[in-house]
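Visitor: Quick one: this structure, given as structure tokens, is what I'll be asking you about.
The values are calculated or read from the model by the stated rules, or taken from the named source; none is laboratory data. As the structure is a computational prediction, the values presented were derived from the model and not from experiment. Note that each Cβ is placed from the backbone with ideal geometry, even for glycine, and that neighbours are counted across all protein chains shown.
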Ligand code: C2E
Ligand code: CA
Ligand code: CA
Ligand code: CA
């Protein structure tokens with residue numbers, strides 16, 4: 001029973017209400033999901049210039065019995081707003097550390113292992129202590145060196161000095177940092193220069209238009225030369241075609257990730273994929 005002549009407004013309100021309701025539902029169910037093992041990790045292989053597996057990125061998945069598969073873009077950003085990202089983030093770090101240590105024992109030898117850290121998690125007062133605690137519990141010196149924390153340019157809401165203090169404390173423990181989605185946010189060149197990181201990640205949104213959009217090619221070659229200037233390793237994500245891979249290879253990108261090589265895999269599938277890649 002909607003008032004006549006005001007459909008537009010009512011529709012808008014209805015949709016807004018539905019959206020709010022959906023977010024609240026995700027929020028409520030995410031608490032439950034964390035306690036009931038509905039949250040899982042996937043591992044997407046990363047390859048070097050010889051197309052050998054050298055690492056992976058950890059990606060979170062939530063398959064809710066009620067809501068279905070929910071995109072991490074959605075529930076990670078909701079958990080950022082509600083603060084649940086702290087529990088969720090700690091859970092992801094713990095599970096990821098366990099996996100890496102188990103792989104090390106199996107002889108599955110990766111050079112690097114990347115974990116996404118959201119902005120609120122990065123600045124949270126317990127972040128350093130949690131990483132230390134979990135690393136003491138699960139990792140040895142060798143595996144700790146392999147961990148890379150991926151942060152996005154959104155951390156630049158704070159000044160570079162404050163960010164560097166946090167990063168440097170973890171660097172002292174041998175952890176490394178990568179700037180994720182580089183070029184999609186607000187980072188300035190001076191911020192990049194002062195940031196104590198070792199890697200830049202080229203976002204899928206630039207890779208996707210390779211061969212079609214000259215401006216995106218230019219963006220990528222610019223990021224790659226910037227990385228050289230600042231002595232940063234480069235990883236390109238979202239590579240789906242050989243053409244995209246070859247463009248990145250020819251322009252000096254160090255590492256490659258995308259469906260062209262492999263989708264994100266469960267722990268078991270990653271182990272199989274790794275073994276098969278060495279028996280070829
Ligand atoms: P991201 O960090 O930029 O991760 C890369 C995304 O690109 C992943 O999406 C990955 O599955 C997808 N991808 C990789 N290669 C390809 C490809 O060739 N084609 C296509 N179409 N997609 C590709 P996903 O797993 O859905 O994650 C989305 C975003 O959610 C991530 O973007 C990240 O911002 C966030 N996220 C995922 N896992 C975590 C996590 O454990 N912690 C935090 N804080 N955020 C996470
Ligand atoms: Ca990432
Ligand atoms: Ca990202
Ligand atoms: Ca991205």
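Visitor: Output the residues belonging to region 207-222 that are at pLDDT below 95, under 14 Å from residue 183 (Cα atoms) and within 16 Å of ligand 4 (Cβ to nearest atom).
Guide: Matches in region 207-222: 216, 219.
Visitor: Right, next: Would you say residue 139 is surrounded by 20 or more Cβ atoms within 10 Å (Cβ to Cβ), farther than 26 Å from residue 80 by Cα and away from ligand 1 (no atom under 13 Å from the Cβ)?
Guide: yes
Visitor: Among the residues of region 93-110, is any crowded, with 19+ Cβ neighbours inside 10 Å and outside any helix (DSSP H, G or I)?
Guide: Checked against the condition, which is being crowded, with 19+ Cβ neighbours inside 10 Å and outside any helix (DSSP H, G or I), region 93-110 yields at least one hit.
Visitor: Now a separate question. Would you tally the residues in region 44-88 being more than 12 Å from residue 118 (Cα to Cα) and free of Cβ contacts under 8 Å to residues at least 12 places away in the same chain?
Guide: 4
Visitor: Looking at 16, 30, can you tell me which residue is out of contact with any strand residue (DSSP E or B) (no Cβ under 7 Å at 6 or more places or on another chain), surrounded by fewer than 17 Cβ atoms within 10 Å (Cβ to Cβ) and farther than 18 Å from residue 276 by Cα?
Guide: Residue meeting the stated conditions: 16.
Visitor: When you check residue 269 against the structure, is it without any contact (Cβ under 8 Å) to a residue 40 or more places away in the chain and either within 19 Å of residue 56 (Cα to Cα) or buried (at least 19 other Cβ atoms within 10 Å of the Cβ) (or both), yes or no?
Guide: Yes, satisfied.
Visitor: From the residues in region 163-220 that are within 16 Å of ligand 3 (Cβ to nearest atom) and part of a helix (DSSP H, G or I), which one is surrounded by the fewest Cβ atoms within 10 Å (Cβ to Cβ)?
Guide: 205
Visitor: When region 114-129 is examined, which residues are found to be more than 16 Å from ligand 3 (Cβ to nearest atom) and in contact (Cβ under 8 Å) with a residue 24 or more places away in the chain?
Guide: 123, 124, 126, 127, 128
Visitor: Could you list all residues from region 191-206 that are more than 13 Å from ligand 4 (Cβ to nearest atom), free of Cβ contacts under 8 Å to residues at least 40 places away in the same chain and out of contact with any helix residue (DSSP H, G or I) (no Cβ under 8 Å at 6 or more places or on another chain)?
Guide: The answer is 193, and nothing else.
Visitor: While we're on this one: Can you work out which of the residues in region 122-131 that are more than 19 Å from residue 186 (Cα to Cα) and in contact with a helix residue (DSSP H, G or I) (Cβ under 9 Å, 6 or more places away or on another chain) is surrounded by the most Cβ atoms within 10 Å (Cβ to Cβ)?
Guide: First, pick out the residues of region 122-131 that are more than 19 Å from residue 186 (Cα to Cα): 124-131.
Keeping just the survivors that are in contact with a helix residue (DSSP H, G or I) (Cβ under 9 Å, 6 or more places away or on another chain) gives 124, 126-128, 130-131.
On the way: 124: 18, 126: 12, 127: 21, 128: 15, 130: 16, 131: 23.
Among those that are more than 19 Å from residue 186 (Cα to Cα) and in contact with a helix residue (DSSP H, G or I) (Cβ under 9 Å, 6 or more places away or on another chain), it is 131.
Visitor: Identify all residues within region 48-79 that are within 12 Å of ligand 1 (Cβ to nearest atom) and either part of a strand (DSSP E or B) or within 20 Å of residue 233 (Cβ to Cβ) (or both); write none if there are none.
Guide: Within region 48-79, 56, 57, 58, 59, 60, 61, 62, 69, 70 meet the criteria.
Visitor: For residue 235, which of the numbered conditions (1) over 30 Å from residue 170 (Cβ atoms); (2) within 16 Å of ligand 3 (Cβ to nearest atom) fails to hold?
Guide: Condition (1) is where residue 235 drops out.
Visitor: Still on this model: Looking only at region 142-159, count every residue that is away from ligand 4 (no atom under 16 Å from the Cβ) and surrounded by fewer than 19 Cβ atoms within 10 Å (Cβ to Cβ) and tell me the total.
Guide: Looking only at that region, the number is 5.
Visitor: Check region 168-177 and report whether any residue there is touching a helix residue (DSSP H, G or I) at 6+ places or on another chain (Cβ under 9 Å) and at pLDDT below 90.
Guide: So far as region 168-177 goes, no, none of its residues is touching a helix residue (DSSP H, G or I) at 6+ places or on another chain (Cβ under 9 Å) and at pLDDT below 90.
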